[in-house]
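Visitor: Following this message is one structure expressed as structure tokens.
All of the numbers you see were taken from the coordinates with simple rules; none came from a lab. Bear in mind the structure is a predicted one, so any value in this text is a computation, not a measurement. So basically every Cβ, Gly included, is an ideal-geometry build from the backbone, and we count neighbours across all protein chains shown.
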Amino acid sequence: MYYKPKRLFNCRSSALVCAIALLGYFNPVAAETTVPDSRLTYLLKDITVSGQVTDTRGEPLAGVSITIKGKATGTTTGIDGKYVLKGVPEQGTLLFRYIGFKPLTVAVNNRKTINVKLEEEVKDLDEVVVVGYGTVKKSHLTGAVAKLKNDNLDEIPTSRLDNALIGKLAGLTVQNNTSEVGTEPTLRIRGASSISANADPLVVVDGHPIEDGLAYVNPQDVESIEVLKDAASAAIYGSRGANGVIIVTTKKGVADRPKFTFKTYYGIKQAYSTLPIMNTTEYTNLLFAEAALRANDPSVATANQNLITANERAAYIIENQISGTPTDWQQVALRDASIYNVQLAASGGKKDLRYYVSGNLQQDQGVMKFSENNRGNFKARIDANLSPKLNISVNINPTYTKTRRPAVNFTDYYRFYSFLPVYHTPFTAEFVDQNAQWADIRPGDYAQARHFTNLYYAGTMPDGSFWTSSGTIEPFSTQNNTPLSIANRENRYSTTYRFQGSTDLSYNFTKDLVFKTSVSAYYSNREDDTFTKSNARKDGDVNSGTIHTLRTIDLLWENTLNYNRSFGSHNFSGLLGYTVQKTTLDESNIVGSDSPSDDFTSLSQAAYIDQLQTYTTRTPIGLLSYLGRINYDYKGKYLFSTSLRTDGSSKFRDGRRWGWFPSVSGGWVISSEPFMQKSQSWMNNLKVRASYGVTGNNRIEDFSYLDLLYKTTYSFGDGTGTVSQGQSPNNAVIFGPDITWETTSSFDAGVDFGFLKNRFTLTVDYYRSQTDKLLLQQGTQSITGSNVFWNNNGKIQNHGLEIELSSANINHKNFKWNTSLNFSANRNKLLKLGGEPYQYNYGERNEIYASIVGQPYIQFYGYKTDGVWLSQADADAAVAAGQTSILQKYFQEGGLKLKDLNGDNKIDEQDRTVIGSPFPDFTWGINNSFRYKNFDLNFLIQGSQGGQLIDGDVYYNETKKLNRNFTDNRWVSPANPGDGKTPYYTNGIAADVLLTDYAVEDASYAFLRNVSLGYTFQKPLLKKLSVKSLRLYAAADNVFFVTAKSYRGINPEARVTSSAYASPVVAGYQRGGFPVNRTFTLGLDVNF
């Protein structure tokens, strides 16, 4: 039906206008050239269009977005894939969009029923990748960037986002040093490029660089994670990009009807395994069995056949005849823990106003008692078009975290002997009451080792003999309380409030020129509270408390101008930027003791305040930056990008503050060349690329260029004097007035393949980087009163190979199988070290970590073993031949025998050599996902090959004598040498055993990290429930792992990272190791 012309024109007012209007109205050609499109739309009739959207296999797709081109109205498909859309112009155009499928544009052509099929994107080269201050199509990427979409990160049961990244991305190594909840793993991108400065990658959350960004971001709010690995990608972050950059982009709303998502899971956690520690009875039986072997060895004197001591006999009697049962202290430390997570999110909006809101609560118990991490997140983001040219985005994300940590570590538990009960029983209480000192002990009290001292013991031994002590015995010589009683009387809590907020304004001067200004703030307030009750660790200790707070206020103002323009086949984009960042750190610490009651945990009641450890500090930090970038491509085949950033940092003095960080990269899409057309049927993508750039690192202690004053004490007056508080300019580290940026120059060459319409993709990268002017804490003469001083004097190199492979192995209607694989191999070399050929760094037991120029920058250094001395005659023969040793008790049978590497018949420092390195040969990960009808199965296998660790347990007698990994096949006598390699724990160089390769173990492992099995319910059922989708899944984390044969621990990833091991050049030490947690979860994912 046509509208009458009189509705559009008043013919009586002008005959000429009326004639022209009628002519244009009835003449299609004239109408096409004279009537605007908007008026044509008005002239045409609106209709209602319905239909169904399916995939190429005919499966209905729920939630497909359908909009009318040129209008803000639209709809989405229901559970059955069907839709109804009113107000559609007869000659209009419909746009169909769905995540994971190619968008489709369909002309209406007066049709009231339109059924469409969407084609799935197996691997879309036009996928957008987030880079610094912008995005780029993957097909146009010239740098080394790895992207991880959040497909199932939120199903991994962890309280930290970084733990969920293990094995996911090539080039990113996540070292889970402990399984305690809430603890930070060690992250490295393409190795470590620094020695004394911080080697962690920069973390950017929604455009804001945040030091602990991965600690608080809710995994369920994550849209994607990009890792910038080469300098061409990271140089735009200048002074902080030397260690790589991790960009976290969180979710935002899209123009669609409101969508609500409810996700929850609940899980049970258990220790995967514990150490094979013998109880006292098992150990005593071993001693008697070994005594029987020695009795048949004619070289062993009768007095030396049974090596059991009186203390060990008494312990055996306590366990079997007084307490009556052994205590498994490892199980005392552990528990079956739980983790639960619940999240509700809502998103949607119109074309000009979109929103995303979410709330999350998580409680994560540690497998070790007194360990828990609870977190609450809220996120809200609004994106609005204030006008056709002005857009605004507001994003807020407050977080609250409360963590409890155990007062004693796992090692302290398994070092305690099993004869000691946790609590006194009527029998043990009655026994220790014989000692007047412990006459008030009652059943149910904590049993302590000292309670069993100064008593007489008598009882039957394993061989049936009856033994009576000749005097009072001390079965376990320690004044320390048992670990459980300490943990019960010492509380350690940390509470952290965080807030991240930002407001972005974008103004489109033209469609090609956009100005954006962004103001963001990050606020963090962490308080660590420790209160130790009286007599907690041993009798006589007064109560004490420590309150430490750290408040961070980080303000960032960024301004960028983006220009995008195409001239025929030439495509340009440019970026100019100016940023200002100011950070203020307020730190305070107060230590008090001897409150009138253990119930008074406020330090205002403390009788004594430790003045030396009580302080407040304020540290301002500033960073001013200018940046720019140009991207160019010709026909999408020849790609070029260059960037430049200059930073001025308050961490260096005037004249040394500014650094320049350029980069350049290029690529060639060979598959787009005419001579490759015949190969398109099987290889549709072939791109080579190369990049070079310079990045920097300024992450050292603040004001290291100044000679600061530190709190100290002075003694005044006669005699010993009176101690008074004061300040001193001296410290362990001397300031470096001329220090400036570390700079890392990096080259990357890569090739990207796509086969069979990108059903199979392969990316290979080779890289080489060199860090110069290392910010180094260089050794100095002790006459200065300090150990080291800050200097720019060092050079380190990294090079390596990375491979990423993904494949759609099977892609049928009812069955799909996809695989992704990543492989990374990195080698590092120390090229310069302050003018010295080497530097020795020491651990807690003086084991040596050597930094030697021309070799990897950390290597274990010590003696190579040559089995054990099989007999005393062998050891004496060596002495008779003139061999000497600087090591005490070296020439003793059953002790370690060392190699005389230089052949001078002396065992001394000249025989030390490299005995291992903490760096793996390569790391890898394989992820497989299967889908059969409504079932889905995913599993990840991840591993590390090569690299070693130092097992600190070989130093401690409690471990060496009770851990079966150190007693099986050990030397017993000349006629019973065991495997000829395992020493008897008391024989030989026990004090120096960590200086030998006997303490070095292969750190290789392979984990079945996680397995998940899900079921998506049938759509007819969901339709009745008014639910879009419903998925139920079960998952297991750390399902299974294998280690190298030489490894004697229970967690191959565990490393000590505190005290001396906090140094970047002292790494690879393990003592005990917290057990690996195995977690089983059930989860529910509902969309409505």
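Visitor: Counting other C-beta atoms within 10 Å, which of Lys138, Lys269, Lys45 has the fewest, and how do the rest follow?
Guide: Going from least to most buried by this count: Lys45, Lys138, Lys269.
Visitor: Okay, next question. Roughly how many whole Å is it from the C-alpha centroid of the stretch 315-351 to that of the stretch 760-816?
Guide: One Cα centre to the other: 36 Å.
Visitor: Could you please rank His140, His570, His424, His548, placing first whichever residue has the fewest other Cβ atoms within 10 Å of its Cβ?
Guide: His570, His548, His140, His424
Visitor: Further question on the same structure: Could you work out the relative contact order of the chain? I mean the mean sequence separation of Cα pairs under 8 Å and 6+ apart, divided by the number of residues, in percent.
Guide: It comes to 10 percent, rounded to a whole number.
Visitor: Please report, in debye to the nearest 20, how large the charge dipole of the chain is about its Cα centre when each Lys and Arg carries +1 at its beta carbon and each Asp and Glu carries -1 there.
Guide: Roughly 6800 debye, rounded to the nearest 20.
Visitor: Sequence-distant or interchain residues sharing an amide H contact under 5 Å with Phe101, placed H: which?
Guide: Close amide H contacts, sequence-distant or interchain: Glu121.
Visitor: Can you order the peptides 218-224, 232-238 by their average number of other Cβ atoms within 10 Å per residue, highest first?
Guide: Going by the mean number of other Cβ atoms within 10 Å, highest first, we get 232-238, 218-224.
Visitor: Amide H neighbours of Gln855 under 5 Å, counting only residues 5+ apart in sequence or on other chains, H built in-plane at 1.01 Å?
Guide: Correct list: Leu830.
Visitor: So for the stretch 128-252, taking the charge dipole from beta-carbon charges (+1 Lys/Arg, -1 Asp/Glu), which of Thr186, Ile156, Ser224 sits furthest toward the positive end?
Guide: So the residue we want is Ser224.
Visitor: Have a look at Gly1072, Gln321, Ala271 and report the one farthest towards the positive end of the charge dipole of the chain, computed about the Cα centre with Cβ charges (Lys/Arg +1, Asp/Glu -1).
Guide: Positive-most Cα among the choices belongs to Ala271.
Visitor: Check Leu898: other-chain or 5+ apart residues with amide H under 5 Å from its amide H, H built from backbone geometry?
Guide: Asp866
Visitor: For the pair Thr93/Arg964, report the inter-label distance in nm, with labels modelled 7 Å from Cα in the Cβ direction.
Guide: According to this spin-label approximation, the distance is 7.3 nm.
Visitor: Provide the per-residue ³J(HN,Hα) series for the stretch 886-900, in order, calculated from phi with Karplus coefficients 6.51, -1.76, 1.60 and θ = phi - 60°, each as a whole number of Hz, with x at glycine and proline positions.
Guide: Computed from phi, the couplings for the stretch 886-900 are 7, 8, 5, 6, 5, 8, 9, 4, x, x, 5, 10, 10, 8, 8 Hz.
Visitor: Still on this model: Over the stretch 502-583, what is the mean sequence separation of C-alpha contacts under 8 Å (at least six apart), divided by residue count, expressed as relative contact order in percent?
Guide: With pairs under 8 Å counted, the relative contact order is 28 percent.
Visitor: What ranking do 257-265, 705-713, 943-951, 77-85 get when scored by the average of other Cβ atoms within 10 Å per residue, highest first?
Guide: 943-951, 77-85, 257-265, 705-713
Visitor: Can you tell me which aspartates and glutamates have their Cα less than 13 Å from the Cα of Lys511? Leave out same-chain residues fewer than eight positions away.
Guide: Result set, ordered by chain and number: empty.
Visitor: Then there is this: How many angstrom lie between the Cα centre of the stretch 223-269 and the Cα centre of the stretch 561-631?
Guide: 21
Visitor: Which number do you get for Rg(Cα) / (2.2 N^0.38 Å) in the stretch 708-845?
Guide: That ratio works out to 1.89.
Visitor: For the stretch 128-252, what mean projected area does the convex hull of the alpha carbons give, in nm²?
Guide: Average of the hull's projected areas for the stretch 128-252 equals 7.6 nm².
Visitor: For the stretch 540-557, just list the computed ³J(HN,Hα) in residue order, Karplus coefficients 6.51, -1.76 and 1.60, θ = phi - 60°, integers in Hz, with x standing in for Gly and Pro.
Guide: Computed from phi, the couplings for the stretch 540-557 are x, 6, 7, 6, 7, x, 9, 10, 10, 10, 9, 10, 10, 10, 10, 10, 9, 10 Hz.
Visitor: Go ahead and estimate [θ] at 222 nm for the chain from helices alone: -39,500 (n - 2.57) per DSSP H run with n ≥ 4, summed, over the residue count, rounded to 500.
Guide: -2500 deg cm²/dmol
Visitor: Sticking with this one: Of Ile486, Asn198, Ala235, whose Cα points farthest to the positive end of the dipole of the chain (charges on the beta-carbon: +1 Lys, Arg; -1 Asp, Glu; origin at the Cα centre)?
Guide: Ala235
Visitor: Which order do peptides 810-817, 401-408 fall in by mean Cβ count within 10 Å, highest first?
Guide: 401-408, 810-817
Visitor: Then there's this: In whole Å, how far is the Cα centre of the stretch 80-124 from that of the stretch 1054-1069?
Guide: 58
Visitor: I would also like to ask the following. Using each residue's phi in the stretch 472-483, evaluate 6.51 cos²θ - 1.76 cosθ + 1.60 at θ = phi - 60° and report the 3J(HN,Hα) Karplus result to the nearest Hz, with x for Gly and Pro.
Guide: Listing the rounded values in order: 6, 10, 10, x, 9, 7, 7, 9, 6, 6, 5, x Hz.
Visitor: With the cut-off at 30 Å, tell me which of the pairs Lys251/Lys402; Lys263/Lys350; Lys582/Lys637; Lys635/Lys678; Lys168/Lys961; Lys168/Lys933 have Cα atoms farther apart than that.
Guide: Lys582/Lys637; Lys168/Lys961
Visitor: Run through the DSSP bridge list for the stretch 128-252 and note the antiparallel percent, rounded to the nearest 5.
Guide: Close to 85 percent.
Visitor: Given Cβ point charges of +1 (Lys, Arg) and -1 (Asp, Glu) and nothing else, what value in debye, to the nearest 20, does the dipole of the stretch 100-198 about its Cα centre take?
Guide: Charge dipole of the stretch 100-198: 440 debye, to the nearest 20.
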